Amino acid sequence: MKHNLIIIGSGPAGLTSAIYAARADLKPIVFEGNQPGGQLTITTDVENYPGFPEGIMGPEMMDLFRKQAQRFGAETHFKNVDSVDLSKTPFEVKVGEEIHHADSIVIATGASAKLLNFESETKLMGHGVSACATCDGFFFRDKEVLVVGGGDSAMEEATFLTKFASKVTIVHRRTEFRASKIMQKRVFDNPKIEILWNHSVVDMIGEPDQGGLTSAKVKHSETGEVSEIKCDGLFLAIGHKPNSDFLNNQLETDDKGYIITKADSTATSINGVFACGDIQDTVYRQAITAAGSGCMSAIEVERYLETLH
Ligand SMILES: Cc1cc2nc3c(=O)[nH]c(=O)nc-3n(C[C@H](O)[C@H](O)[C@H](O)COP(=O)(O)OP(=O)(O)OC[C@H]3O[C@@H](n4cnc5c(N)ncnc54)[C@H](O)[C@@H]3O)c2cc1C
């Protein structure tokens, strides 16, 4: 069966696209992927999304997004898209053994924050551990935090966090940063920032229901010696990975795999294929900007489909 529109991804971008497309009577199909609701489902309080003056828990907010899309007729499936064929129209979307066809596609597969991948990190995510200083820095007023990383984003996050935190320690596994000189200088000149060279975080200590993170274990890169640092927060700033592998290089991307969209548009290098949210955003990476571009994508799909008939 051929659909008007298949939306790949169910974070703020994909589900906003679904709300607008469903209200335009396009009967969109959403494949939610392995993380239904997207990245906000791994965090706790969201305090910067307009309309929720008391804040809202990330998973609850994404349930509301989904319900709103379903209310207008969007069909959502907890399935992952394995690959797409964009070389012919209607486009082909492969989901396991199933093959779906669509006149248009919105790609909203996000960019996952790189994590250290140990159990305590998963347990404490949203309970002192975060991958987004813009989102969660506010919760750490007068607290001591660690930032893990050595690139531009680590420098930026550490500098930003000094607005709130009493002390910021950057933990870096090497003896020099990879960040640009100007960003490094900002860090070196900031009296609230300390740097722990030659160390990596190997464990995080604390219980989610007892105040969250209390300390982190760090290991010296050369001697292997493990020590413990008390901290209230830990921010991972070791980069993001755009979820675009399944596209198999069929769309124009930058060298990291972020989809390139036309200026002031969600149009990609292939007519009828649109991209919104973090998969095409290396700058803002917020729920509201993802939702905004999700809205743009649905309006652009509607206009595109009109040209087909
Ligand atoms: C810990 C943390 C806390 C945050 N806190 C805030 C906050 O307080 N406020 C804020 O504004 N922003 C916050 N952010 C940022 C925000 O989560 C992102 O900017 C936003 O979720 C991006 O939305 P998106 O829809 O583009 O992608 P995502 O939310 O990343 O969603 C991507 C979706 O694509 C799906 N997907 C991926 N591959 C496939 C595939 N092959 N097939 C089908 N589906 C696929 C996934 O399952 C997922 O549903 C936070 C981020 C993190 C990591």
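The values are calculated or read from the model by the stated rules, or taken from the named source; none is laboratory data. Fair warning: this is a prediction, and the values are worked out from it, not measured in the lab. Positions of Cβ are generated from backbone atoms using ideal geometry, with glycine treated the same way; all protein chains shown enter the neighbour counts.
The table below lists the values:
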{"read-out": "Filter result for the condition that a residue is of a type in the set (Asp, Glu), in the same structural domain as residue 224 (by TED's automatic domain parsing) and within 24 Å of residue 282 (Cβ to Cβ), over 156, 194", "value": "156"}
{"read-out": "Matching entry among 282, 289, 253, 266 (being buried (at least 21 other Cβ atoms within 10 Å of the Cβ) and among the hydroxyl-bearing types (Ser, Thr, Tyr))", "value": "266"}
{"read-out": "Number of the exception - residue 188 against (1) surrounded by 15 or more Cβ atoms within 10 Å (Cβ to Cβ); (2) at pLDDT 95 or above", "value": "(1)"}
{"read-out": "Number of positions in the stretch 238-249 that are away from the ligand (no atom under 11 Å from the Cβ) and within 25 Å of residue 124 (Cβ to Cβ)", "value": "2"}
{"read-out": "Counted residues, the stretch 1-49 - those being of a type in the set (Val, Ile, Thr), within 6 Å of the ligand (Cβ to nearest atom) and either in the same structural domain as residue 208 (by TED's automatic domain parsing) or at pLDDT below 95 (or both)", "value": "3"}
{"read-out": "Out of 154, 158, 133, sole residue that is crowded, with 22+ Cβ neighbours inside 10 Å, within 28 Å of residue 48 (Cβ to Cβ) and more than 16 Å from the ligand (Cβ to nearest atom)", "value": "158"}
{"read-out": "Selected residue (criterion: nearest to residue 213 (Cα to Cα)) from residues of the stretch 36-59 that are touching a helix residue (DSSP H, G or I) at 6+ places or on another chain (Cβ under 9 Å) and either without any contact (Cβ under 8 Å) to a residue 12 or more places away in the chain or of a type in the set (Gly, Ala, Ser) (or both)", "value": "58"}
